[in-house]
There are 6 protein chains.
Amino acid sequence: MGETVATVAMIEYADATPEIRAVYDDIMRVRKSDWVNNFWKVLANHPPTLKRTWDSVKEVMAPGTLDPLTKELIYIAVSASNGCEYCVRSHSFNARAKGMTPAMHGELMAVVGMANETNALANFYQVDVDDAFMTP
Amino acid sequence: MGETVATVAMIEYADATPEIRAVYDDIMRVRKSDWVNNFWKVLANHPPTLKRTWDSVKEVMAPGTLDPLTKELIYIAVSASNGCEYCVRSHSFNARAKGMTPAMHGELMAVVGMANETNALANFYQVDVDDAFMTP
Amino acid sequence: MGETVATVAMIEYADATPEIRAVYDDIMRVRKSDWVNNFWKVLANHPPTLKRTWDSVKEVMAPGTLDPLTKELIYIAVSASNGCEYCVRSHSFNARAKGMTPAMHGELMAVVGMANETNALANFYQVDVDDAFMTP
Amino acid sequence: MGETVATVAMIEYADATPEIRAVYDDIMRVRKSDWVNNFWKVLANHPPTLKRTWDSVKEVMAPGTLDPLTKELIYIAVSASNGCEYCVRSHSFNARAKGMTPAMHGELMAVVGMANETNALANFYQVDVDDAFMTP
Amino acid sequence: MGETVATVAMIEYADATPEIRAVYDDIMRVRKSDWVNNFWKVLANHPPTLKRTWDSVKEVMAPGTLDPLTKELIYIAVSASNGCEYCVRSHSFNARAKGMTPAMHGELMAVVGMANETNALANFYQVDVDDAFMTP
Amino acid sequence: MGETVATVAMIEYADATPEIRAVYDDIMRVRKSDWVNNFWKVLANHPPTLKRTWDSVKEVMAPGTLDPLTKELIYIAVSASNGCEYCVRSHSFNARAKGMTPAMHGELMAVVGMANETNALANFYQVDVDDAFMTP
C-alpha cells in the first residue's frame, strides 16, 4: 500500500481487490486518464463508500443542462467556502482541464468572496426575507 | 422606518438621507426594478457599508467571462453551503429571473450536495494532495 | 414546563430542581437581572452541562485585559459567521446593554463581512503563508 | 519552550509553572499516558483556559450513557465537518486506541459524508420542517 | 402539489410520477411508516437526485458495525455543527424513535459543544499535529 | 513571477503592471511597510479584485469608533471560527504589531472557543429566541 499522511493507508491498484479495481478502471475510463487520484485510493478503505461515491460523482458531474465546466466552477466555489484544500486543488485542476481561463478563475473568485461576505452580513443583522422571495 | 425582525431597523426610502437614496436609486436603475429588497434597507444603518457593498456587488455580478446566470448559480451554491436562508432565497429568486430552469435548479442542487459530501470525506481522512494538483 | 419549539422542553424556575435553581440564581445575580433566558432553560435538560457551561461563560466573559463590551462584539462576530440566529440576537442584545452604539454595530458588521470575504479568498487560491507570519 | 509552528510557543513540562504542571499531570493520569499532546502545551499559554478546557473535556468524555468510543466517533464527525485537521487526527488516534475498527471507521465516514450532503440539500431548498418533527 | 415555503413546490404522492412514487413507496416500506417527510417531497423536483439520495441514505444508515441509533446520533452532531435546522429536528425525531433517552441526548449535546469549542481553539493557535497522530 | 504552492502564480512587484504596482505601493504606504504579503500577490491575478479588496480592507480596518487593534481581534476570531490558516496567521501577526499582549491573545481565544461551543449548543436544541431579544 502507498505511503500516506492520510489517517488511513492508500490502496494502490496493485494491492486492490477486484471490487476496488473495477471502480478504479471505471474512473480512468470515464476520465480518459491513466491514473487514479488519492481521494479514491483513500476511500477504497471502505469499498461500499468508494463505489457509491464514485457512481454519484459520475452521475452528478456528467453533462446536463449545466455543462461540465460550470459544474466544476460550482464545486470550487463550495470547496473554497468550506475551506477544503484537497477539493479546491483537485477541482481547480479539473476546471483548468475543462477550459477554465485565468479570467474565469478570477471572476469566480470575486463571486465566491462576495457571496461569503454578504452571507455573513445577512446573518449579522438577521435580515427579514422579503415576501417577494418567498414564492417558490 | 419599517417594522422588522432584524436586529436593526430597516431604513425605508421615505426616511432615507440623500446619501442612502443615491444607493437605492442606483440599485433600482441597475436592476430595472421599482423596489429595494430588505438586505439593503438594513445595511443602510451603516451608510459606508451600504455603498461599498452595493458597488462591489454591482461590479462582481456584472457580465464578464462568466455570464450573470452562472454567477447567480455560484451565489446560491455558496449560500446553501453556508446555510444562509436570506441569501439562498434572494439569489434563487434572481436566478429564476435570469433564466434558471427547474432542471438547472435540480442539477445545481445535486452538485452542491455532492461537493459538500466529498469536502467532508476529504477532511475526514485528511487525504494527501496529489503532486499533479500542486502545479499552479 | 414551558412551551417551546426547541427539540426539548424548557425547564422553568418553578419546575426546577435545587441544583438547576442554583445556576439560575447565579445567572440572575451576576447579570443583575430578574429573568433567565431560554438558552439556559433548555440546557437545564442536562444539569451537568448547564452548570459547566454557565461557569465557563461567567469566567470567560468577566472583565479582563479585554473589556466586557469587546468580548460581546467578538461573540457577535463569531455567531454571525457561524449563522447562529439565537446567538446573534442574544449577544447583540447584551452588547447594546453594555454600550454598543449604532456606529460601533455598523463598523463591527463591516469587519465581519470583510473577514468572511478574505477568508474565502485565501482558501480559494490556497495562498502560501508568508515566512514573516510563521514566527510565534 | 518547544519549537512550534503554532502562533504561540508550546510550554514544555520542564518549563511549566506548578499550576500548568498540575493539569499536565492530571492529563497523563487520566489517560494512563506518559506524554502530553501539543494541544495542551499550546493552551498552556493561557492557564485559566488550559485548566477549564481540560476539566470540561475530562467531564464530557468520561463514560456515561454513551460509551467513550461512541464519544470519540462523534468528536471525529464534528471535526471532519468543521475541517479541523488537528482534531480529526488526534481523535482518530484516540478512537483507534479505544477500539475503533477499520470497518467502523469506514461506516463513520459514510454517515459523516451523507449528513454533510443532506444538510446542504435541506438548506438549498429551505425545506419546511414537518409538523411531526416539531414536538419536543 | 403541496403548499410550501421551500424554494420549490413539494410533490405530493397524489401528484407524483410512477418513478417518484416508487421511491416514496420504498421510503415507507423501509421505515415501516405511512407518510413521507418534506425533505423527499422537495427533492422530488429532481427525480435523479431523489432516487440517488434515498438509495444512499438507505445504504449508509442500515445496521452495520455501527448500530442505527449511533448513526442517528452522529447525524445530529454533524447537523448541529452545520446549523441545519431541518436536519437537527428530523434526526432528533429519528433518534428518539430508535431509543435515544434524554440522558443520551444531553451527553451528545455536551460532546458536540466541546468538539466545536476545541476545533476553534486548535484553529485559533494553529497547533502543530503531534508525530504520534500522523501514523495511519 | 514568484514560486508558489497557491493555485495561481504570485505576481511579484518586478513583474507587475502599473495598475497592480499602484495597489502594492498604496499597501506599503498605508502600512508603513517595505513589503507586500502573499495574499495580495495572489489576488493580483485578477486586478479588479485586487484593487476592490484592498480599497475595502483599507476602509474597513481604518480607525473609527472601534480601534484598529479591536478590529484585528475580531478578524482573528472570525478566521479561527472559519478555519482559515492564512488569515489566522496574518491577522495574529498584525494584532501583535498593534499591541496585542499574550494575555489579550489568551482571553480572545477563550471567548472564541466559548462562542463556537454555545453556537453549537443553541443549534443543537434549536432554542427559541426570547421575545426580549427580538426588539431591534
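The values are calculated or read from the model by the stated rules, or taken from the named source; none is laboratory data. Every value quoted in this text rests on a predicted model; they were computed, and no experiment measured them. Please note: Cβ atoms are built from the backbone with ideal geometry, for glycine as well, and neighbour counts cover all protein chains shown.
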Given the conditions (1) within 21 Å of residue E:6 (Cα to Cα); (2) buried (at least 20 other Cβ atoms within 10 Å of the Cβ); (3) not charged (D, E, K, R), every one holds for residue E:70 apart from (1)
Being assigned by TED's automatic domain parsing to the domain that holds residue E:6 and touching a helix residue (DSSP H, G or I) at 6+ places or on another chain (Cβ under 9 Å) narrows E:66, E:43, E:73 down to just E:43
In the set D:82, D:94, D:37, the lone residue that is in contact with an Asp or Glu (Cβ under 7 Å, 6 or more places away or on another chain) and not assigned by TED's automatic domain parsing to the domain that holds residue D:7 is D:94
Of the residues in region E:1-44 that are more than 22 Å from residue D:126 (Cα to Cα) and acidic (Asp, Glu), the one that is surrounded by the fewest Cβ atoms within 10 Å (Cβ to Cβ) is E:34
Of the conditions (1) more than 16 Å from the chain's Cα centre (by Cα); (2) surrounded by fewer than 18 Cβ atoms within 10 Å (Cβ to Cβ), the single one that residue B:64 does not satisfy is (2)
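Go through E:65, E:49, E:53, E:101 for me and flag whichever is of a type in the set (Val, Ile, Thr), under 25 Å from residue D:56 (Cα atoms) and out of contact with any strand residue (DSSP E or B) (no Cβ under 9 Å at 6 or more places or on another chain). Before you say what the answer is, go through the steps one by one.
On the way: E:65 fails: under 25 Å from residue D:56 (Cα atoms); E:49 fails: under 25 Å from residue D:56 (Cα atoms); E:53 fails: under 25 Å from residue D:56 (Cα atoms).
The conditions single out E:101.
Residue-by-condition table, conditions (1) closer than 18 Å to residue B:80 by Cβ; (2) of a type in the set (Lys, Arg):
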position	(1), (2)
A:33	no, no
A:49	no, no
A:61	yes, no
A:70	yes, no
A:86	no, no
A:89	no, yes
A:103	no, no
If we take region C:36-122, then helices (runs of 4 or more DSSP H) inside it with 1 or more residues that are within 14 Å of chain B (Cβ to nearest Cβ) and modelled with pLDDT of 95 or more are C:68-82, C:85-97
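Take the residues in region C:123-132 that are at negative phi and not aliphatic (A, V, I, L, M); name whichever of them is farthest from the other protein chains (Cβ to nearest Cβ). Show your work before the answer.
Looking only at region C:123-132, we keep the residues that are at negative phi, and these are C:123-125, C:127-132.
From what is left, the residues that are not aliphatic (A, V, I, L, M) are C:123-125, C:128, C:130-131.
Details: C:123: 5, C:124: 4, C:125: 5, C:128: 5, C:130: 5, C:131: 10 Å.
Across region C:123-132, the extreme among qualifying residues is C:131.
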